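**Q** Shown below is the structure under consideration.
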Amino acid sequence: MDSLTLLKFLLYHPLSSRKEIATGTGFDGSDATLKRMLSAQVADGNIVVNGQGKATRYSLTNTCILTMPVDMETYFLHDQDERQIQSGFNFELITKILPSVSLFTAEESNSLKICMFDLRKI
């Protein structure tokens, strides 16, 4: 299993346990390997851990949800009626999610600040 498979699973199955992730993705490695994969994604800021011990659940961070690439080939493999889609507008997107997500790298943010400063001079 690669990291994108793991992230895609959590996109559609938030708050999953390690056992649910292993079963749902068909992961056939050891539990220690899955723990390392999850820890790497937590360190990268893609996954958030909820709970402890046997009650530990994993879900995607808001940043990961917004910036995850879309695999168009996989999307179009299914008939349009079979695709998993969002059925309505997420009203928390503007008020809660976007303010907590950094869409730009530090370099991009700095460039934008410089551009805005230059525009004020005009």
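**Q** Provide the per-residue ³J(HN,Hα) series for region 86-94, in order, calculated from phi with Karplus coefficients 6.51, -1.76, 1.60 and θ = phi - 60°, each as a whole number of Hz, with x at glycine and proline positions.
**A** Once rounded to whole Hz, the list reads 7, 7, x, 6, 8, 5, 7, 4, 7.
**Q** Tell me the net charge near ASN50. Cut-off is 14 Å between Cβ atoms, ASN50 excluded, with +1 for each Lys or Arg and -1 for each Asp or Glu.
**A** It works out to a net charge of +2.
**Q** Here's something else I'd like to know. Which cross-chain or sequence-distant (5 or more) residues have an amide H under 5 Å from the amide H of SER16, H modelled 1.01 Å from N in plane?
**A** Amide H to amide H, under 5 Å and 5 or more residues apart or across chains, SER16 pairs with TYR58.
**Q** Gain in length, MET1 to SER102, computed as 0.36 nm per residue apart minus the alpha-carbon separation, to one decimal in nm?
**A** On the way: separation 101, 0.36 × 101 = 36.36 nm, distance 2.78 nm.
Working it through step by step, the gained length comes to 33.6 nm.
**Q** Quick one: putting +1 on the C-beta of Lys and Arg, -1 on the C-beta of Asp and Glu, what dipole do you get for the chain around its Cα centre, in Debye to the nearest 20? Spell out each step's value before the answer.
**A** On the way: 12 positive and 14 negative charges, 132 e Å.
Dipole of the chain, to the nearest 20 debye: 640 debye.
**Q** Which value at 222 nm does the chain reach when only helices count, each DSSP H run of 4 or more adding -39,500 (n - 2.57), with the total divided by all residues and rounded to the nearest 500 deg cm²/dmol? Display every interim value, and only then the final one.
**A** Numbers: 6 runs with 59 residues, N = 122.
About -14000 deg cm²/dmol.
**Q** Any lysines with Cα under 24 Å of the LYS8 Cα? List them, leaving off those in the same chain fewer than 8 positions away.
**A** Counting by Cα, and skipping residues close in sequence, LYS8 has these lysines nearby: LYS19, LYS35, LYS54, LYS96.
**Q** Then there's this: Can you give me the relative contact order of the chain as a percent, contacts being Cα pairs under 8 Å and 6 or more apart?
**A** Values: 80 pairs, mean separation 25.1, N = 122.
Relative contact order comes out at 21 percent.
**Q** Separate question: Can you give the extra length, in nm with one decimal, that the chain gains between THR63 and SER30 once fully stretched, where that is 0.36 nm per residue apart less the Cα-Cα distance? If you can, show how the numbers build up before the last one.
**A** Values: separation 33, 0.36 × 33 = 11.88 nm, distance 2.84 nm.
Between THR63 and SER30, full extension yields 9.0 nm more.
**Q** Now for a different question. Stretch GLN86-LYS113 to full length: gain in nm at 0.36 nm per residue minus the Cα-Cα span?
**A** Working: separation 27, 0.36 × 27 = 9.72 nm, distance 3.40 nm.
Residue separation times 0.36 nm, minus the Cα-Cα distance, leaves 6.3 nm.
**Q** Same structure again: For region 3-121, state the average projected area of the convex hull of the C-alpha atoms over all orientations, rounded to one decimal in nm².
**A** Working: hull surface 42.2 nm².
That works out to 10.5 nm².
Each reported figure results from applying straightforward, stated rules to the coordinates on display, with no laboratory input. Being a predicted model, the structure only gives us computed values, none of them experimental. Cβ coordinates were reconstructed from backbone atoms using ideal geometry, including for glycine residues, and neighbour counts include every protein chain displayed.
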